[in-house]
Amino acid sequence: MPVDTLRWQHIEQHIHSFLKNYGYGEIRTPAFEETGLFIRGVGKDTDVVSKEMYSWVDQGNNNLTLKPELTAPVVRSFIQHKLGRLQPINRLYYIDALFRRERPQKGRQRQFHQFGVEAFGSEHPEMDVEVISIAYHIYKSFGLKELSVKINSIGSPEVRPTYLKELKSQLESHSEKLCKTCNHRLSTNALRVFDCKNSNCQLVLDEFAPVISDFLSDDDRIHFDMVLNLLSELKIPYTLDNKLVRGLDYYTRTTFEITSSALGSQDALCGGGRYDKLVEQLGGDSTPAVGFAAGMERLLIVLDDISEPIQQNCDIYMVILGEKALSKALIIANNLRVDLNLSVITESSRRSVKAQMKEANRQGARFAIILGENEIKNGLATIKNMNEGTQEEIELNKIIEYFKENRKR
Ligand code: HAM
């Protein structure tokens, strides 16, 4: 509704200018992609791909899917447009609508919106920190308090098989306590057991799952320590969360989420991490990358609690009395909009003066211009300053000049 979209516009504008200051350029991708992109990119055993996609076969027998996330589409586009060959580092951002067939509740919709960034080309920890810092500071700039950055490293793909083998063997010995889906996950991708909402499965993980950070290589550890050191130096508070593997298959090394206690059970404001193998996996040149995405609706839930509603007031209400005043009034109104960039609402219901003045008040107008047949005959208009309650008569051809001088009042 217009009253809500005002706030959306305000937030979107802020995101555009904030990310421009970090050197990020906006990318827009199509509403749907080939289904295979998400199966290969996000992973067929993830909840997003196995349960939540809106997919169909079109008349040309193509398997298509409304995009459930944006990292895979952005990578597809990055490869297709050979961005990596044009410049070594590519910093991209987006604000877009996404679709997941989840159980709707507060902070979780089937159509929702994300803003996010994807930075391609640097394997170094400073790029992880740039991305985390953007996420943290953009929320700060919106006035959010109670923020918590949770961070983990899930290591490079080379160390993953050893961890997965150990995880699987530990969980298999407690398989009777795991739900049916998690038992299936043991044979497909044991890491996905971490995504389970079932409290018994979480208890088994708490008690028996090996900790992924114990399996990091020396290089992974050096990378992660440097990320943490830089975060400390930038005074970005974080907590280590060694269960944070994130629900999408493409992550390598750093994973993070920012949560807000103001959100309730769906407490993740945003999530992201490094995905150094995805570009290559989807057919591009080997390119390290890191990014995050943030739920717009969740940001709005938190902002609604801390900020006043935004009102759209018009500058001028054009009170029109009688048919003869119509064309002149409409011309003046257009000139004020085009020449002086003022918002002008013209009467369109032919109401009494009293009713029109009431409408001017309702619209929050700062001025009313009153144009009747008499005024047209005398070449004059009455201009009322609604805040001060004063009014004066101005020649019709001096109205633009009058508002040039008085527009700020
Ligand atoms: P994600 O954790 O699936 O990550 O989603 C990121 C954020 O989108 C969540 O933290 C949440 O705020 C919001 N979100 C997700 N699903 C819903 C929903 N159904 N309704 C409302 N909000 C939702 C990704 O999408 C990754 N692509 C992030 C990323 C970018 N990783 C690297 N680059």
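Against the test of being farther than 27 Å from Glu207 by Cα, of a type in the set (Phe, Trp, Tyr) and in contact (Cβ under 8 Å) with a residue 12 or more places away in the chain, the options Tyr275, Tyr251 yield a single qualifying residue, Tyr275. Only one of the listed residues (Gly284, Gly271) is over 15 Å from the mean Cα position of the chain (by Cα), assigned by TED's automatic domain parsing to the domain that holds Tyr139 and surrounded by 17 or more Cβ atoms within 10 Å (Cβ to Cβ). That residue is Gly284. Residue count for the range 378-391, restricted to those that are part of a strand (DSSP E or B) and either under 43 Å from the mean Cα position of the chain (by Cα) or exposed (fewer than 12 other Cβ atoms within 10 Å of the Cβ) (or both): 3. Of all residues in the range 202-248, those satisfying the criterion of being more than 18 Å from Pro161 (Cα to Cα), in contact (Cβ under 8 Å) with a residue 40 or more places away in the chain and more than 16 Å from the ligand (Cβ to nearest atom) are His223, Phe224, Met226, Leu228, Leu230, Leu231, Leu234, Ile236, Pro237, Tyr238, Thr239, Leu240. The set of residues from the range 99-115 being within 10 Å of the chain's Cα centre (by Cα), among the hydrophobic types (A, V, I, L, M, F, W, C) and more than 7 Å from the ligand (Cβ to nearest atom) comprises just one member, Phe115. When Asp267 is tested against (1) within 16 Å of the ligand (Cβ to nearest atom); (2) modelled with pLDDT of 95 or more, exactly one condition is not met: (2). For residues in the range 117-148 being small (Gly, Ala, Ser), over 17 Å from Leu303 (Cα atoms) and in contact with a strand residue (DSSP E or B) (Cβ under 9 Å, 6 or more places away or on another chain), which is nearest to the ligand (Cβ to nearest atom)? In this case the residue turns out to be Ala119.
Regarding Val302, is this residue farther than 22 Å from Glu26 by Cβ and surrounded by 22 or more Cβ atoms within 10 Å (Cβ to Cβ)?
For Val302, the condition - farther than 22 Å from Glu26 by Cβ and surrounded by 22 or more Cβ atoms within 10 Å (Cβ to Cβ) - is met.
For the criterion of being part of a helix (DSSP H, G or I), of a type in the set (A, V, I, L, M, F, W, C) and assigned by TED's automatic domain parsing to the domain that holds Ser327, Ala365 fails.
Within the range 368-386, residues that are of a type outside the set (A, V, I, L, M) have Cβ atoms under 7 Å from residues that are crowded, with 22+ Cβ neighbours inside 10 Å and assigned to a loop (DSSP other than H, G, I, E, B) in no pair, counting only partners at least 6 apart in sequence or on another chain. Summed over the range 283-313, the residues that are away from the ligand (no atom under 14 Å from the Cβ) and at pLDDT 95 or above give a count of 4. Among the residues of the range 134-174, those identified as part of a helix (DSSP H, G or I) and under 20 Å from Asp276 (Cα atoms) are Ile134, Ala135, Arg160, Pro161, Thr162, Tyr163, Leu164. Scanning the range 342-362 for residues that are within 17 Å of Arg407 (Cα to Cα) and of a type outside the set (A, V, I, L, M) yields a single hit, Ser343. Considered as a group, the residues in the range 37-61 that are over 23 Å from Cys182 (Cβ atoms) and surrounded by fewer than 15 Cβ atoms within 10 Å (Cβ to Cβ) include one that is nearest to the ligand (Cβ to nearest atom), and that residue is Trp56.
The values are calculated or read from the model by the stated rules, or taken from the named source; none is laboratory data. If you're wondering where the values come from, they're calculated on a predicted model, not measured in any experiment. Counting neighbours? That spans all protein chains shown, and the Cβs are built from the backbone with ideal geometry, glycine included.
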